[in-house]
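First the structure, in the form of structure tokens, and then the observations on it.
Each value in this text was obtained by applying a stated rule to the coordinates, not by laboratory testing. The model shown is predicted, which means the values in this text are computed figures rather than measured ones. Neighbour counts run over all protein chains shown; Cβ positions are idealised from the backbone, glycine included.
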Amino acid sequence: MSQYPRFLPVGDRALSIELGDSISVVTNRRVHGLSREIGRLGVRGVLDVVPTYRSLMVYYDPRSISYADLTSRLGEMEGSLGDGETVAPKLVEIPALYGGEYGPDIGDVAEHNGVSEAEVIEIHSGADYLVYMMGFLPGFPYLGGMSERIATPRLVTPRASIPTGSVAIAERQTGIYPVESPGGWRIIGRTPIGLFDPGREPPVEIEPGDYLRFVQVDESEYADVQSRIRAGTYSLVTRQMGGAR
């Protein structure tokens, strides 16, 4: 018998539902499926849900529902989830300018893995990446599905400032810095897309469960996208994928 789901109290106003013990597409799909189901049914007392790689944090009002009643309700909901993807995931194309001043660590990534910089770009832009979760900054997507052929350790000494839009690698993960921030990931490129804007509704345009695909652009195309963003005429290229991944 599976030990999951496993419920863990987090203070007196939140609980964590663990749905697995490793990072996997199947587990993450269940995390997002349960998150959607909670939102769809409007569970009494639930204030917010935060999906992660393999668990779901649920914030609730203990005056409206007890810990025992909430775990019972959520356990029933998790048990009723199907095995398949109920919502076709969204694929979002992210224009990216690789190397040079925009990707100062691409040479290190190439050297570490015994490939050329052109191969790093080809490999990195040749995959669809699942947004497993959002974290440590608003709008920072933790992306899974990167090839081991370009996996590279974090910097020994993190940078004090990484530019907004930097596309970066850390071990087998890749991600995008949505705002200027300190960080220790290896920067291989940059996108002109602003993933987080507190004045926009919604402030984050991508969601956990989406897929991202990096599309290589040159400096002229990068500048064109920047100009269209400033003019308010640029929209992300998105489409629904065919089904479960």
Share of alpha-carbon pairs per 10 Å distance bin for the stretch 6-79, given as whole %: 21, 58, 20, 1
Principal-axis tilt of helix 219-231 within the chain, Cα atoms, nearest 10 degrees: 50
Residues whose placed amide H lies under 5 Å from that of Ala14, excluding near-sequence neighbours: Tyr60
Share of Cα-Cα pairs in the stretch 90-240 lying beyond 26 Å, as whole percent: 18
Distant alpha-carbon pairs in the stretch 14-163 (separation over 25 angstrom), percent: 45
Relative packing of 142-152, 7-17, which averages over residues the other C-beta atoms within 10 Å, highest first: 142-152, 7-17
0 to 90° range, to nearest 10: angle between helix 67-79 axis and the chain longest Cα axis: 70
Packing rank of 63-74, 183-194, where each peptide gets the mean count of other beta carbons within 10 Å, highest leading: 183-194, 63-74
Inter-label distance for Glu219 and Arg36, nm, one decimal - labels placed 7 Å from Cα along Cα-to-Cβ: 4.3
Long-range amide H partners of Val217 with built H, under 5 Å: Ala96, Leu97, Tyr98
Gap separating the Cα centres of the stretch 51-121 and the stretch 182-242, nearest whole Å: 17
Phi-based couplings in Hz for the stretch 163-169 (Karplus 6.51, -1.76, 1.60; Gly and Pro marked x): x, 4, x, 5, 9, 9, 10
In Hz, Karplus ³J(HN,Hα) per residue of the stretch 234-241 (6.51, -1.76, 1.60; θ = phi - 60°; x = Gly, Pro): 9, 10, 4, 7, 9, 7, 7, 7
Karplus-derived 3J(HN,Hα), 6.51/-1.76/1.60, for each residue of the stretch 145-161, Hz, glycine and proline x: x, 6, 5, 5, 5, 10, 4, 8, x, 4, 5, 5, 10, x, 7, 6, 8
Label-point separation, Phe136 to Asp197 (7 Å along Cα→Cβ), nm: 2.7
Label-point separation in nm, Val50 to Val10, each point 7 Å along Cα→Cβ: 0.5
By average C-beta atoms within 10 angstrom, highest first, the peptides 43-50, 93-100: 93-100, 43-50
